[in-house]
């Protein structure tokens with residue numbers, strides 16, 4: 001069937017991309033986890049009621065990848081509804097824009113699309129980080145899908161901190177920083193590193209979910225094809241039988 005051929009082709013394309021993305025994930029995870037370790041060591045405390053906050057959702061531009069997009073958007077929706085008027089929204093991926101735009105469109109300050117066409121790069125993450133820092137936020141929350149294996153993933157959250165909050169943290173004063181620009185450069189790099197890490201995790205989760213979805217779709221299409229063939233053969237056999245009955249009946253009448 002044509003449907004089975006299409007889903008099988010999509011599965012093979014996703015498998016090819018997935019194998020390539022695994023290599024990038026092995027490099028992105030240490031980069032992101034190193035930045036996270038440093039921030040966790042600093043023990044930064046952020047109160048959303050006192051800061052300029054932003055929620056960042058990492059989703060895909062396209063569907064056919066299971067429930068990953070819906071789960072990310074539900075987590076973001078929970079934060080936005082529980083902290084009324086305290087968070088703005090940045091959507092990475094068209095799916096989160098459509099999902100959250102109806103209810104929280106007035107909070108949306110940036111939409112990024114086209115990231116999932118190919119493997120996300122550090123340049124992509126740097127451009128997003130630059131736009132984010134221009135917003136002059138204090139505290140941010142990234143919601144993304146962390147890849148476990150081909151069959152499972154986990155919706156996770158990462159904290160991002162802006163310059164005002166970091167400058168007020170005593171932990172940073174133990175380092176000899178010549179000027180404010182050193183800390184700003186560090187913040188820019190770690191912000192880009194964390195965003196890159198989340199983009200790669202989301203991208204490989206999307207591919208894994210699409211592989212699983214297309215596998216199931218191919219099986220369903222094959223089963224549907226078999227059932228339709230059975231129905232077709234029964235109808236054809238019934239038509240042949242009726243024709244034979246007519247022929248035999250006609251022959252009997254002629255003989256008489």
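Bear in mind that the values in this text are calculations on the coordinates, not laboratory data. These numbers were taken from a predicted model, which means no experiment stands behind them. All Cβ positions, glycine included, derive from the backbone under ideal geometry; neighbour counts span all protein chains shown.
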Task: Degrees between helix 122-134 axis and first principal axis of the chain (Cα, 0 to 90, nearest 10) - done: 50 degrees
Open item on the list: Using Cβ contacts closer than 10 Å as the measure, can you line up 186, 38 from fewest to most?
Closed with: 38, 186
Open item on the list: Rounding to the nearest 10 and keeping the result within 0 to 90°, find how far the Cα-based axis of helix 2-42 lies from the longest principal axis of the chain.
Closed with: 20 degrees
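So in the stretch 2-211, what percent of DSSP beta bridges are antiparallel if you round to the nearest 5? Display every interim value, and only then the final one.
Values: 10 of 25 bridges.
Close to 40 percent.
Given only helices, namely DSSP H runs of n ≥ 4 each adding -39500 (n - 2.57), what is the per-residue ellipticity at 222 nm of the chain, to the nearest 500 deg cm²/dmol? Mind dumping the intermediate values first?
Details: 6 runs with 161 residues, N = 256.
The helix-only estimate for the chain comes to -22500 deg cm²/dmol at 222 nm.
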Open item on the list: Can you compute the FRET efficiency between residue 38 and residue 12 using 1/(1 + (r/R0)^6), with r the Cβ-Cβ distance and R0 = 41 Å? Round to the nearest 0.05.
Closed with: 0.50
Task: Residue exposure sequence - 231, 72 - by fewest surrounding Cβ within 10 Å - done: 231, 72
Open item on the list: If I model a spin label as a point 7 Å beyond the Cα along the Cα-Cβ vector, how far apart are those points for residue 20 and residue 152 in nm?
Closed with: 3.0 nm
Open item on the list: Can you tell me, using C-alpha contacts under 8 Å and at least 6 residues apart, the relative contact order of the stretch 2-211 as a whole percent?
Closed with: 32 percent
- [ ] Figure the gain on full extension for residue 135 and residue 188 (residue separation times 0.36 nm, minus the Cα-Cα span) and round it to one decimal in nm.
- [x] 17.8 nm
Task: Acute angle (nearest 10 degrees) that the helix 68-82 long axis makes with the longest principal axis of the chain, alpha-carbon atoms - done: 50 degrees
Task: For the chain, built as a Gaussian network whose Cα springs stay under 10 Å, the top-fluctuating residue of 80, 166, 151 - done: 151
Task: Hydrodynamic radius of the stretch 97-189 per Kirkwood, over alpha carbon pairs, in Å - done: 16.0 Å
Open item on the list: If each residue of separation counts as 0.36 nm, what is the full-extension length gain between residue 168 and residue 233 once their alpha-carbon separation is subtracted?
Closed with: 15.7 nm
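What list do you get for 235, 131, 107 if you sort them by fewest beta carbons within 10 Å? Don't skip to the end; give the middle numbers.
On the way: 235 10, 131 13, 107 17.
So the ranking, lowest neighbour count to highest, is 235, 131, 107.
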